[in-house]
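**Q** Below: one structure in structure tokens.
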Amino acid sequence: MAESKLDLLQGTLDLMVLQTLAAMGSLHGYGIARRIEQVSGDEVLLNQGTIYASLVRLLQRGWISAEWGTSENNRKARFYSITADGRKQLAEDAKYWQRLSDVMGRVLSMESDGGE
Amino acid sequence: MVSARELRNRLRSFFRKDPLDRELEEELASHLRLAVDENIAHGMSAEEARRQALIRFGGVQQARERQREARGLPWLDEMMQDIRFATRQSARKPGFALVAILTLTLGIGANTAIFTLTHALLLSGLPVPDAGRLVRVVIHVRGGKREMNNVPLSLSMIEFVQRRADAFSGVFGWSVYDFVLKDNGVSRGRRGAVVSGNAFDVLGLHAAAGRLLSPADDQPGGGPDGWAAVISYRLWMDQYHGDPAVVGRHVTVTDHGVTIVGVAPEGFEGVIVAEHPDLYLPIEFSAALNDNEKQLHEGGMMWLTAFARLKPGVDREQAQAEVATLFPSMLDALLPPGIRHLPEVEHSTLDVDAARTGWSPLRMEYTKPLLLLQVLVGVVLLICCANLSGLFLARASARQQEFAIRGALGAGRRRLMRQLLVESMMLAVPGALLGVGLAWLAGPWMLRGIANPRAQVSLSTRPDFAVLAITAACACLCALLFGMAPAWAASRTNFETALRSTRSRISGGTALARRLFIPFQVALSLALVVVAALLGATVVHLRTEDSGFRMQNVIFYYADFGRLQQRGVDLLTLYRRIMMRMEEKPGVDAASVTDILPYYGWIDRDSFTAAADALHSKTMDADVSEIGAHYFAALGTRILAGRDLRNDDGDLHSCIVNERAAALYFPHGPVLGQTLHDVEHNLRTGTTTVRDCQIVGVVQNTKYDTVREAPPAIVYRPISKQMVVGLFFVIHARSLVEARAAYHSTMQELAPDSPETDPATFVQLFNDSAARDQLLSAMSGFFAVLALLLSGIGIYGLVAWNVSQRTTEIGVRMALGATRGRVFVMVLRQIAVLLATGLVAGGIASYFAAQSVHSFLYEIEAEDPRVFALAAGVLVVIGLAAAAIPARRAMRVEPMQALRAE
């Protein structure tokens, strides 16, 4: 059971990374991590380091590409951007998440109604 | 789900660790720099900025590990680590690894060797399409006086089945046949087969060149190409170098002109296992060779193995049912009335047996022994595994602290178990490889145990793919079995306790499990030793009992006189002249002829009575042998009363009986000078004839057709002009060289036109007849020794380990006044209890094991208490000897040193 829970978390982070890259264009690892933190506010407590496992996984699936470059403050960094395959995957995953959260919302609200 | 692209990338990452790691390091450094920059920009001090950056990042090492896991093949990485670690472990204790690998080599090697034989003889399928639908149509005679299994069919029976049965798409007959192939003036004996014209068609084979035989070839006098022959692929390559022009070539096969019409497909070796035919000719050709066309179709000679292919949708049971209902009408149609209702015929059934693997007469004799050997080697393998489990457990307990430390550092229990399994695999794999090598070497040696000289050269003893697969499975199974116990123990290690204690301890449960291996091994070993002792005693009995023969320096030659001009009386005279001439040769003691080779499995049996009114008296059967003068002198059989037969016509109505026949026919009175009536029913004509002979001598009892029988009643008759084909010369000389020389020079003088034949020495005939017993006894003896050796090692290992664990305790005892002798006894007592437990369990196991080999025994009871006592004694001696070595070490423990060590 621990396995499937981990999968879900992994998938979640992967999806966040894809969405960030789709919205922001090319970004380095630190940038992606910061962006996710900012967007989610304090809701997600992300160890920034975990993002690199996610990035390498997405790279190997061919959903993102990577390239060394220079940041705005002139630091050398590895920049990631989403590929066409990645966009397709993002659309699919986003739809799935949307459906899942809809269903969850309905199920949970049904429970609170029945409780009265 | 891992996509192909991802897998490819992961594989690539696996092999490019270093550059990828460097890139990751750079990236992580760059991440931290960016974070520090931003924090400083927010007004933190440099030190605080770095601290915050690291906190936000989480564990750097963890991030590294997770990235590596995500990109590569983590399980493979871990496996490599395990393997490297296991290699270091083995390198540190090479003795341990050596013993383990050697044990496995012997265990797996023995299994592979036996399985190679089993596979070649019993399991390997014929290389024809849909071999599973091939069946053998065969007669079994069950019940009644004499059981006969796997009786071949006559050609007319096969034709009857072909005509009347609906279950088969084709039926064909097959018989092994030896030919002389003469091509370009060079003659060479070749093995072959005569087959029905439709045989290749029913088998579903296609020619490698030219065409295969067809029913049109299988006609009296041959087909459109005259006599047509198909040659084997091997002969095509060896003798004709794969030349396609061989098709249509005219050759001579056993004095008959034959056309080679095609080449059989590569790898096809006929349907009789362990025969490698090089020439296939139609069955009609054999009639031409023997000049008996009429007999082939009308005669009752049952000599063909019948194969058939089931029609689609028909299974073997249905075919069986159909054939069974056909059988009575087949017998009515084909058998003369005199034979039709004999008890043997009434008890016979026509059966449809599976023939996916073809058939071999060797199977009748060797199926059970091979299966027995297979079980025995399986037991040896079990003992090996028990032994290794014991060794591994001992080592695991010595390594408990290591496990505890690794556990404390975060290695999961599963990881530890896997480590141990990898370690066992690392011993099992080299063990398996060496075992296959051993089997490779031992194969030919083992085959020598199988009597049939053809089988010796033609059975494959080289492990093939199926055998290697089994070996690999064996190795994995062993690794699992002997890795399991320590892995299980390791998984139960309590890390904290283990870390705290200075001396490794083992939980009570594991110690018990470890001790249980000893009785287990002892029990299995005892069973093996008992079986080996029984089989060994069998061979000793066979070899040492008085057979009534003297076998040294006796040689037999087949008299191949079929092509001589002489017939009848002239031939009889020739035999007599040859016998007498041979005896004049230097070194020859006696020379004679006989129609029955002793120990060869041939039987000639007639019904006799001593009563005056022979036609209406009850007859009794005796074995018959037609012999020349000096036969008994040549074979060393004593003449007890009366005289030998003479080489002249004066003795044509004389005969000699052995003691058993004398007692059978003349239980009360004198034997010499009495008349014995040979009552013969001619089954074809329904008439009965009586032949009288006067007994002129009584000889000692001897065996007749096999080594295993009790000496039967035998009546010896002189050779006569009616019985002068198929005789064997027998010569006893000072040496075999002189015997051979006498044969050759006499034949050159008196029968220069007859072909020379291969001799068989008497010793060889005996050995062939006892081959199965010798094979069983030698192999089971070897396995028993192996089992004893392994048990010895196991016991030694346990006691040595025990002593090392109890050094302190022994020191305390000695300090408190225990003598060295008592320490020695204390250590031995423990092993004695285990031995006793094993012997009790083993006694029960041995009883059943002995019962199961009952049918292989000769002149020894399966329950013989001497055998059990001897086997138990051997085990006790070996067990105590193995325990005594470490026990002596315990005796030499210095109390002060032992105490200080704590």
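The values are calculated or read from the model by the stated rules, or taken from the named source; none is laboratory data. Only a predicted model underlies this, so the values are computations on that prediction, with no experimental measurement involved. Reconstructed Cβ throughout: ideal geometry from the backbone, glycine too, with neighbour counts over all protein chains shown.
**Q** If you go through the stretch A:76-98 one residue at a time, do you hit one that is surrounded by 14 or more Cβ atoms within 10 Å (Cβ to Cβ), touching a residue at least 40 places away in the same chain (Cβ under 8 Å) and in a loop (DSSP other than H, G, I, E, B)?
**A** Scanning the stretch A:76-98, I find no residue that is surrounded by 14 or more Cβ atoms within 10 Å (Cβ to Cβ), touching a residue at least 40 places away in the same chain (Cβ under 8 Å) and in a loop (DSSP other than H, G, I, E, B), so the answer is no.
**Q** Among the candidates B:753, B:758, which residue alone is of a type in the set (D, E, K, R) and in contact with a Leu (Cβ under 7 Å, 6 or more places away or on another chain)?
**A** On the way: B:758 fails: in contact with a Leu (Cβ under 7 Å, 6 or more places away or on another chain).
The unique qualifying residue is B:753.
**Q** (1) under 15 Å from the mean Cα position of the chain (by Cα); (2) at pLDDT 90 or above; (3) more than 10 Å from chain B (Cβ to nearest Cβ): which one isn't true of residue A:84, the others all being true?
**A** All conditions are met except number (1).
**Q** Go through the stretch B:1-15 and report how many residues are of a type outside the set (A, V, I, L, M, F, W, C), surrounded by 13 or more Cβ atoms within 10 Å (Cβ to Cβ) and more than 8 Å from every other protein chain (Cβ to nearest Cβ).
**A** First pass over the stretch B:1-15, keeping only residues of a type outside the set (A, V, I, L, M, F, W, C): B:3, B:5-6, B:8-10, B:12-13.
This time we only want the ones that are surrounded by 13 or more Cβ atoms within 10 Å (Cβ to Cβ), so: B:6, B:9-10, B:12-13.
With the extra rule that they be more than 8 Å from every other protein chain (Cβ to nearest Cβ), the set shrinks to B:12.
Residues meeting the conditions: 1.
**Q** Another question, if that's okay. Can you tell me which residue among B:601, B:587, B:562 is surrounded by fewer than 18 Cβ atoms within 10 Å (Cβ to Cβ), farther than 30 Å from residue B:673 by Cβ and touching a helix residue (DSSP H, G or I) at 6+ places or on another chain (Cβ under 6 Å)? I'd like the intermediate steps shown before the answer.
**A** Details: B:601 fails: touching a helix residue (DSSP H, G or I) at 6+ places or on another chain (Cβ under 6 Å); B:562 fails: touching a helix residue (DSSP H, G or I) at 6+ places or on another chain (Cβ under 6 Å).
Being surrounded by fewer than 18 Cβ atoms within 10 Å (Cβ to Cβ), farther than 30 Å from residue B:673 by Cβ and touching a helix residue (DSSP H, G or I) at 6+ places or on another chain (Cβ under 6 Å) holds for just one of B:601, B:587, B:562, which is B:587.
**Q** Consider residue B:24 carefully, then state whether it is surrounded by 18 or more Cβ atoms within 10 Å (Cβ to Cβ), hydrophobic (A, V, I, L, M, F, W, C), within 24 Å of residue A:55 (Cα to Cα) and in contact (Cβ under 8 Å) with a residue 40 or more places away in the chain. Reasoning before the result, please.
**A** On the way: surrounded by 18 or more Cβ atoms within 10 Å (Cβ to Cβ): yes; hydrophobic (A, V, I, L, M, F, W, C): yes; within 24 Å of residue A:55 (Cα to Cα): yes; in contact (Cβ under 8 Å) with a residue 40 or more places away in the chain: yes.
The answer is yes for residue B:24.
Results for (1) among the hydrophobic types (A, V, I, L, M, F, W, C); (2) in contact (Cβ under 8 Å) with a residue 12 or more places away in the chain; (3) facing chain A (nearest Cβ under 10 Å); (4) within 13 Å of residue A:52 (Cβ to Cβ), shown as yes or no for each residue.
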residue: B:29; (1), (2), (3), (4): yes, no, yes, yes
residue: B:33; (1), (2), (3), (4): no, no, yes, no
residue: B:39; (1), (2), (3), (4): no, yes, no, no
residue: B:52; (1), (2), (3), (4): no, yes, no, no
residue: B:57; (1), (2), (3), (4): yes, yes, yes, yes
residue: B:60; (1), (2), (3), (4): yes, yes, yes, yes
residue: B:63; (1), (2), (3), (4): yes, yes, yes, yes
residue: B:71; (1), (2), (3), (4): no, yes, yes, yes
residue: B:75; (1), (2), (3), (4): yes, no, no, no
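Condition check ((1) facing another protein chain (nearest Cβ under 8 Å); (2) in contact (Cβ under 8 Å) with a residue 60 or more places away in the chain; (3) within 29 Å of residue B:74 (Cβ to Cβ); (4) among the β-branched types (Val, Ile, Thr)) across all residues:
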{"position": "A:32", "(1), (2), (3), (4)": "no, no, yes, yes"}
{"position": "A:57", "(1), (2), (3), (4)": "yes, no, yes, no"}
{"position": "A:63", "(1), (2), (3), (4)": "no, no, yes, no"}
{"position": "A:67", "(1), (2), (3), (4)": "no, no, yes, no"}
{"position": "A:71", "(1), (2), (3), (4)": "yes, no, no, no"}
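**Q** Which of the helices (runs of 4 or more DSSP H) contained wholly in the stretch B:764-852 include at least 2 residues that are of a type in the set (Ser, Thr, Tyr) and crowded, with 21+ Cβ neighbours inside 10 Å? Step through it out loud before you land on a result.
**A** Values: elements: B:771-805, B:807-815, B:820-852.
Hits in the stretch B:764-852: B:771-805.
**Q** Between B:22, B:33, B:64, B:56, which is assigned to a helix (DSSP H, G or I), under 23 Å from residue A:27 (Cα atoms) and touching a helix residue (DSSP H, G or I) at 6+ places or on another chain (Cβ under 6 Å)?
**A** On the way: B:22 fails: touching a helix residue (DSSP H, G or I) at 6+ places or on another chain (Cβ under 6 Å); B:33 fails: touching a helix residue (DSSP H, G or I) at 6+ places or on another chain (Cβ under 6 Å); B:64 fails: touching a helix residue (DSSP H, G or I) at 6+ places or on another chain (Cβ under 6 Å).
Answer to the check: B:56.
**Q** Whether any residue in the stretch B:630-653 is within 38 Å of the chain's Cα centre (by Cα) and assigned to a strand (DSSP E or B) is what I want to check.
**A** Keep residues of the stretch B:630-653 that are within 38 Å of the chain's Cα centre (by Cα), which gives B:631-632, B:634-637.
Applying the additional criterion that residues be assigned to a strand (DSSP E or B) yields none.
No, the stretch B:630-653 contains no residue that is within 38 Å of the chain's Cα centre (by Cα) and assigned to a strand (DSSP E or B).
**Q** Give the residues of the stretch B:234-274 that are over 20 Å from residue B:198 (Cβ atoms) and of a type in the set (D, E, K, R), sorted by residue number. Give the derivation first.
**A** Applying the first criterion (over 20 Å from residue B:198 (Cβ atoms)) to the stretch B:234-274 yields B:234-257, B:266-267, B:273-274.
Those that are over 20 Å from residue B:198 (Cβ atoms) and of a type in the set (D, E, K, R): B:234, B:238, B:243, B:249, B:255, B:266.
**Q** Does residue B:207 fit the bill of being within 30 Å of residue B:123 (Cα to Cα), in a loop (DSSP other than H, G, I, E, B) and aliphatic (A, V, I, L, M)?
**A** Details: within 30 Å of residue B:123 (Cα to Cα): yes; in a loop (DSSP other than H, G, I, E, B): yes; aliphatic (A, V, I, L, M): yes.
Yes, satisfied.
**Q** Within the stretch B:667-678, work out how many residues are in contact (Cβ under 8 Å) with a residue 40 or more places away in the chain and either surrounded by fewer than 20 Cβ atoms within 10 Å (Cβ to Cβ) or in contact with an Asp or Glu (Cβ under 6 Å, 6 or more places away or on another chain) (or both).
**A** Taking the stretch B:667-678 and keeping what is in contact (Cβ under 8 Å) with a residue 40 or more places away in the chain, we get B:674-678.
Still in the list and also either surrounded by fewer than 20 Cβ atoms within 10 Å (Cβ to Cβ) or in contact with an Asp or Glu (Cβ under 6 Å, 6 or more places away or on another chain) (or both): B:674-675, B:677-678.
Qualifying residue count, the stretch B:667-678: 4.
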